[in-house]
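What follows is a set of notes on a single structure, which appears directly below.
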Amino acid sequence: MAVNQSVTILLVEDDPGHARLIEKNLRRAGVSNKIIHLDDGQKAIDFLFHSGDYADDPHPAPFLVLLDLNLPILDGNQVLQRIKADERTKRIPVVMLTTTDTPHEIARCYELGCNVYVTKPVEYDQFCEAIRNLGLMLSIVKIPEEQ
């Protein structure tokens, strides 16, 4: 995020290998923000809305969410819909980061309010390069202040 913004990145990714590669390549791109990794959609909702296991967790805001589509319990579309439907979270930027590249899914995510849709390449080197490029983009993005 812009140099003067302290933004926590919430990475919601159920594949531990992908999560490690995403964080590693964001770091290589110079992203030094705190990254919190959660592995299912329900945990993401509980975290963002201070409920469930996170009811007493005074975690920092604002956030940027990197969200996979194919998640256990609640999928990425359900999480995105909940984030964008609530006054408290609707301004949180959400980057869909998924292997799904069907036009229907891309359109659906934008209709639900995602800010950016990035397809994770299957090939390792291309995957790493895509995440580094995302990190470079994130380094200049401005995030709305918490209201």
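Criterion applied to T119, T98 was being surrounded by 19 or more Cβ atoms within 10 Å (Cβ to Cβ), in contact with an Asp or Glu (Cβ under 6 Å, 6 or more places away or on another chain) and under 21 Å from V79 (Cβ atoms), and the one residue passing it is T98. Looking only at segment 38-64, residues that are aliphatic (A, V, I, L, M), assigned to a loop (DSSP other than H, G, I, E, B) and touching a residue at least 12 places away in the same chain (Cβ under 8 Å) come to 1 in all. Counting only residues that are free of Cβ contacts under 8 Å to residues at least 40 places away in the same chain and part of a loop (DSSP other than H, G, I, E, B), segment 20-32 holds 1 of them.
With respect to (1) assigned to a strand (DSSP E or B); (2) over 15 Å from the mean Cα position of the chain (by Cα); (3) not aliphatic (A, V, I, L, M), the lone exception for G17 is condition (1). Of all residues in segment 65-114 being part of a helix (DSSP H, G or I) and among the aliphatic types (A, V, I, L, M), which is farthest from G135 (Cα to Cα)? Result: A85. Out of V141, V122, one residue alone is under 17 Å from N25 (Cβ atoms), without any contact (Cβ under 8 Å) to a residue 24 or more places away in the chain and in a loop (DSSP other than H, G, I, E, B). It is V122. Failed condition for T89, given (1) of a type outside the set (A, V, I, L, M, F, W, C); (2) over 16 Å from E111 (Cα atoms); (3) surrounded by 15 or more Cβ atoms within 10 Å (Cβ to Cβ); (4) at pLDDT 95 or above, with all others met? Every listed condition holds for T89 apart from (4). Looking at I73, I35, just one residue is surrounded by fewer than 18 Cβ atoms within 10 Å (Cβ to Cβ), in contact with a helix residue (DSSP H, G or I) (Cβ under 7 Å, 6 or more places away or on another chain), of a type in the set (A, V, I, L, M, F, W, C) and farther than 24 Å from I106 by Cβ, and that residue is I35. Within segment 76-86, identify whether any single residue is free of Cβ contacts under 8 Å to residues at least 12 places away in the same chain and in contact with a strand residue (DSSP E or B) (Cβ under 8 Å, 6 or more places away or on another chain), and answer yes or no. Within segment 76-86, not a single residue is free of Cβ contacts under 8 Å to residues at least 12 places away in the same chain and in contact with a strand residue (DSSP E or B) (Cβ under 8 Å, 6 or more places away or on another chain).
The values are calculated or read from the model by the stated rules, or taken from the named source; none is laboratory data. All figures in this text were calculated on a predicted structure; none of them were measured in a lab. Cβ coordinates were reconstructed from backbone atoms using ideal geometry, including for glycine residues, and neighbour counts include every protein chain displayed.
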